[in-house]
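Remarks on the structure that follows.
The values are calculated or read from the model by the stated rules, or taken from the named source; none is laboratory data. Here the structure is a predicted model, which is why all the values come from computation and not from measurement. We place every Cβ from the backbone using ideal geometry, glycine too, and count neighbours over all the protein chains shown. Heads up: the accessible areas ignore ligands, DNA and RNA and are worked out on the full protein's heavy atoms, side chains in. Shrake-Rupley method; radii C 1.70, N 1.55, O 1.52, S 1.80 Å.
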Amino acid sequence: MKKLIIVYLISRMKNTGPNRVLMGIVRHLDRSKFIPVIYTLSDGDSDGMKKEFEDLGIRVETFAKNRLVMWVSGKGTLLNMLEKEKPDVIHSHGLRADKVVADSSGELKKRGIASVSTIHCFFLEDYTLMLPSFIGVIISEKHIRILREIETPVCCSQALSEKYQEKYGLLFEYVNNGIDVNRFIPLETYTERKYLREKLGLPEKKAILVVIGILEQRKNPLLIIKAFKKVKENQEAVLVFLGDGGLKETCLQEIGGSSNILLCGNVENVEDYLKCADVYISASSSEGLPNAMLEAGAAGLEMILSDIPQQTKIFEESKIEVQTFSCHDQENLTELMGKMIRQQHKTNKEMMRYINTYFSSANMSENYQKIYIRRKNQR
């Protein structure tokens, strides 16, 4: 069988959730069947994850020097790439990449090239939270029209697929996100945990509550900070934020003199924090299927989650208990934090086994490989 050439189209090399998903896909590709090539639309954050991909033996190319060039002349640039690479499948991630593929959909069909796109979020929610509401609505509708020109849009979770069907009547298939489960193995002994906490500057015996993600409205970091400050037992705990963003200064103002709330910014060793933490918290109002939640689960943490289906649905058919609160309900979140701080903490091995079994990047990659082969055989 001839190896299929898969060109992955992404915006930039920045270390983001969608690019971590891509890393999981290509890391587990069957190289006896597939040849992966990655193209970025512009060279911002060129250092980013480029070396990680290249260390896997994957060639990384860049189309243009800036966003404007690609937005104006994306179709012509893509056609030049088709002549060079002669791909069997183009797999795009994100609005810019999807637009370039959609603009060239007729030419792709003529050449027998299958198109796949991963949908990482619910557009109407994400775009209206990131942008002025009316602009967000316009862009979300534009992205939906773009997806109609792509053969196989794939949602990153079952819950996300169901939201698109309910809102737009669109029947998108789904492949649940997966993570590198070997990276988030819980520590085996108290001594290891004590040493790692010391290394990270965290107290040995207090409960560690961790929040991972961009400091932006969609993630509701201010809600978490306010709720934690209301917990009677909060001096017995430390609240740790991993991530940066536009709300950083506002968060710092809200934290004030609270020494047990830490904004650690973007860190390369997320797994270390998860290995020595006790509870993972997400107050997101919109998600696809958050990798951070899966990573926390693989590390055996207890969870407090806002009750959006993209976060809670994966636990519905399991016997695993997670604590949920109504999105934006600060009082409920405060109660759950207090409950978690008071209880004795131990590794949630049932959670760990569940995530490792059903949400590994190997499983995710295998499901995408099936899509590539199916779509190519239908040409």
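If you filter segment 64-94 down to residues that are under 24 Å from the mean Cα position of the chain (by Cα) and modelled with pLDDT under 95, you find that the one that is most open to solvent (accessible area, probe 1.4 Å) is Arg67. Scanning segment 347-372 for residues that are of a type outside the set (Phe, Trp, Tyr), open to solvent by less than 50 Å² (accessible area, probe 1.4 Å) and in a helix (DSSP H, G or I) turns up Met351, Met352, Ile355, Ser361, Ala362, Met364, Ser365, Gln369, Ile371. Of everything in segment 5-35, what is assigned to a strand (DSSP E or B) and either of a type in the set (D, E, K, R) or open to solvent by 10 Å² or more (accessible area, probe 1.4 Å) (or both)? Give them in sequence order. Once the filter is applied, which keeps residues that are assigned to a strand (DSSP E or B) and either of a type in the set (D, E, K, R) or open to solvent by 10 Å² or more (accessible area, probe 1.4 Å) (or both), segment 5-35 yields Ile5, Ile35. Residue check: Leu187 meets all listed conditions (1) open to solvent by 90 Å² or more (accessible area, probe 1.4 Å); (2) of a type in the set (A, V, I, L, M, F, W, C); (3) more than 19 Å from Leu289 (Cα to Cα) but one, namely (1).
Exactly one residue out of Glu192, Glu236, Glu249, Glu204 is of a type in the set (D, E, K, R) and out of contact with any Lys or Arg (no Cβ under 9 Å at 6 or more places or on another chain): that is Glu249.
Matching residues to (1) within 24 Å of the chain's Cα centre (by Cα); (2) hydroxyl-bearing (Ser, Thr, Tyr):
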| residue | (1), (2) |
| --- | --- |
| Glu335 | no, no |
| Met340 | no, no |
| His345 | no, no |
| Met352 | yes, no |
| Tyr358 | yes, yes |
| Ile373 | no, no |
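Got at least one residue in segment 123-138 being at pLDDT below 95 and under 26 Å from Met337 (Cβ atoms)? The answer is yes, given that some residue of segment 123-138 is at pLDDT below 95 and under 26 Å from Met337 (Cβ atoms).
Among the residues of segment 218-243, just one is surrounded by fewer than 17 Cβ atoms within 10 Å (Cβ to Cβ) and within 29 Å of Leu131 (Cβ to Cβ), namely Lys226. The set of residues from segment 262-319 being among the β-branched types (Val, Ile, Thr) and under 16 Å from the mean Cα position of the chain (by Cα) comprises Val267, Val270, Ile281, Ile308, Thr312, Ile314.
Looking at Ser284, Ser258 in this structure, which one is under 28 Å from Tyr195 (Cα atoms) and either surrounded by 16 or more Cβ atoms within 10 Å (Cβ to Cβ) or modelled with pLDDT under 95 (or both)? If you could, list the steps in order and put the result at the bottom.
Values: Ser284 fails: under 28 Å from Tyr195 (Cα atoms).
Going through Ser284, Ser258 in turn, just one is under 28 Å from Tyr195 (Cα atoms) and either surrounded by 16 or more Cβ atoms within 10 Å (Cβ to Cβ) or modelled with pLDDT under 95 (or both): Ser258.
For segment 265-279, the set of residues classified as surrounded by fewer than 17 Cβ atoms within 10 Å (Cβ to Cβ), assigned to a loop (DSSP other than H, G, I, E, B) and not polar (S, T, N, Q) consists of Val267, Glu268, listed by residue number. Per this entry, Ser306 is counted among residues that are of a type outside the set (A, V, I, L, M, F, W, C) and touching a Cys at 6+ places or on another chain (Cβ under 9 Å).
Which residues, taken from segment 131-183, are of a type in the set (Asp, Glu), open to solvent by 60 Å² or more (accessible area, probe 1.4 Å) and in a loop (DSSP other than H, G, I, E, B)? Once the filter is applied, which keeps residues that are of a type in the set (Asp, Glu), open to solvent by 60 Å² or more (accessible area, probe 1.4 Å) and in a loop (DSSP other than H, G, I, E, B), segment 131-183 yields only Glu149. With the condition kept exactly as written, say whether any residue in segment 286-301 is assigned to a strand (DSSP E or B) and either out of contact with any Lys or Arg (no Cβ under 7 Å at 6 or more places or on another chain) or not β-branched (Val, Ile, Thr) (or both). The answer is no; no qualifying residue exists. Can you go through Lys194, Lys205 and tell me which one is closer than 22 Å to Gln343 by Cα, open to solvent by 70 Å² or more (accessible area, probe 1.4 Å) and part of a helix (DSSP H, G or I)? When all the criteria are applied, what remains is Lys194. In segment 210-218, is there at least one residue being part of a loop (DSSP other than H, G, I, E, B) and either at pLDDT 95 or above or touching a helix residue (DSSP H, G or I) at 6+ places or on another chain (Cβ under 6 Å) (or both)? Yes. For segment 307-330, the candidate set comprises residues that are of a type in the set (S, T, N, Q) and over 18 Å from Ile341 (Cα atoms); within that set, the residue that is surrounded by the most Cβ atoms within 10 Å (Cβ to Cβ) is Gln310.
Looking only at segment 92-109, which residues are among the polar types (S, T, N, Q) and in a strand (DSSP E or B)? Across segment 92-109, the qualifying residue is only Ser92. Residue pairs whose Cβ atoms lie under 6 Å apart, separated by 6 or more positions or on different chains, with the first residue in segment 147-170 and closer than 22 Å to Ser285 by Cα and the second charged (D, E, K, R) and open to solvent by 20 Å² or more (accessible area, probe 1.4 Å), are Val154/Glu173; Ala159/Lys313.
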